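*Asks:* Handing you this structure, nothing more for now.
The values are calculated or read from the model by the stated rules, or taken from the named source; none is laboratory data. Model, not experiment: these values are computed from the prediction. Cβ sites come from the backbone with ideal geometry, for glycine too, and all protein chains shown count toward neighbours.
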Amino acid sequence: MKAAMKIGLITDSVSHLPFEAALDLAQHLGLSSVEVATGNWSEAPHADLAALVSSEGARGEFIGKITSRGLALSALTANGNQLHPTSGKEQDQVVHDTIEVASALGVPTVVLMSGLPGAHGDSSPNWVTTSWPPENLEILDYQWNEVAIPYWKELAAFARDKGVKLAVEACGGQLVYSTSTMLRLIEATGGDVVGANLDPSHLMWMGADIPTVIRTLGEAIFHVHAKDIRINDWISSRDGLLDTVPITEPAARAWNYVTLGLGHPGGATFWADFVYNLRGAGYDGTLNIEHEDALVNSVEGVGRATDLLKQVALVEPPDWMPANV
């Protein structure tokens, strides 16, 4: 029997609010759960990772604030670049500490990115997006076989020992940025502990067909973020979709993260297809709203996303069976 699909909130979406106010918002909107960031690329406004690692009392107070409002903690997030050639060790510590805390709290999932190494001797990460010139393939071989796979095998073993699953978010500027690179990492780590955090927005701007992504990943989808994009055709028609304009200048970009329903053609129809394909692929977990729309108030955006997902989410387990005739 399938479980009920739930709608949750990534509290960093309203990072300006105190933790209690963010939880009150989730409760007011009728959401089921929250996801909280612990550091690295987040300022972690709602979690003191050091205290959560060291203090059982701090962990109890933290989870109590969530459960007292009828909410669950669906995941902790440690997005960063633990494979960074200079600051990777510090970011890796956040990842390991987050897994420790998730284990102690009984949280099933830690969300993170794959990380991105440099090339030989680099002091900055190096994202290779083409197979030419020839040295690009040499860089990729080094990044995968000498850095990423050994690291991820050790991290998967650590998470396995702690009873925590790792949901990797494919994203531009990371070694895992596509369905194929996601599958490569999953295969290299055994396929049981490492899976996908499906944030469709990253794959959308790179031109992937999201239903195909869902069907391909199937049960390897451990967790889902609900986030949309909008393509500015007058810019993408001129320059394509690779874009280095700051994300805080949305009118000058080829694409932007936007509030659910304001971006991908089809609006609610796209998201209805999204959740139906997820259930068909075996996923009935949480859909966590992530607001990163530079043109929409965050509380308003979270509310609009909630309204849309409530229209399309399959919140009850399926129970229809053909008649026994």
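*Asks:* Taking segment 93-140, which residues are in a helix (DSSP H, G or I), among the β-branched types (Val, Ile, Thr) and under 29 Å from Glu290 (Cβ atoms)?
*Replies:* Val94, Val95, Thr98, Ile99, Val101
*Asks:* While we're on this one: For segment 202-224: of the residues being surrounded by 23 or more Cβ atoms within 10 Å (Cβ to Cβ) and not aromatic (Phe, Trp, Tyr), which is nearest to Asn136 (Cα to Cα)?
*Replies:* To start, the set of residues in segment 202-224 that are surrounded by 23 or more Cβ atoms within 10 Å (Cβ to Cβ) comprises 204, 214, 222-224.
With not aromatic (Phe, Trp, Tyr) added as a condition, the list becomes 204, 214, 223-224.
Values: Met204: 24, Ile214: 29, His223: 32, Val224: 31 Å.
If we take residues in segment 202-224 being surrounded by 23 or more Cβ atoms within 10 Å (Cβ to Cβ) and not aromatic (Phe, Trp, Tyr), then Met204 is nearest to Asn136 (Cα to Cα).
*Asks:* Continuing with the same structure: Which one of these does Asp122 not meet: (1) buried (at least 17 other Cβ atoms within 10 Å of the Cβ); (2) modelled with pLDDT under 95?
*Replies:* Evaluating Asp122 over (1) buried (at least 17 other Cβ atoms within 10 Å of the Cβ); (2) modelled with pLDDT under 95 leaves (1) as the failure.
*Asks:* Check off (1) surrounded by 19 or more Cβ atoms within 10 Å (Cβ to Cβ); (2) of a type in the set (D, E, K, R); (3) within 27 Å of Glu154 (Cα to Cα) for Asp192 and give me the number that stays unchecked.
*Replies:* Among (1) surrounded by 19 or more Cβ atoms within 10 Å (Cβ to Cβ); (2) of a type in the set (D, E, K, R); (3) within 27 Å of Glu154 (Cα to Cα), the lone unmet condition for Asp192 is (1).
*Asks:* Going through segment 284-325 one residue at a time, which ones are polar (S, T, N, Q), surrounded by fewer than 16 Cβ atoms within 10 Å (Cβ to Cβ) and outside any helix (DSSP H, G or I)?
*Replies:* Asn297, Asn324
*Asks:* Take the residues in segment 256-271 that are part of a helix (DSSP H, G or I) and crowded, with 17+ Cβ neighbours inside 10 Å; name whichever of them is nearest to the chain's Cα centre (by Cα).
*Replies:* Out of the qualifying residues, it is Trp271.
Conditions (1) assigned to a helix (DSSP H, G or I); (2) closer than 20 Å to Pro108 by Cβ, marked per residue:
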site	(1), (2)
Ala4	no, yes
Ser13	yes, no
Ala21	yes, no
Gln27	yes, no
Leu31	no, yes
Glu43	no, no
Ala47	no, yes
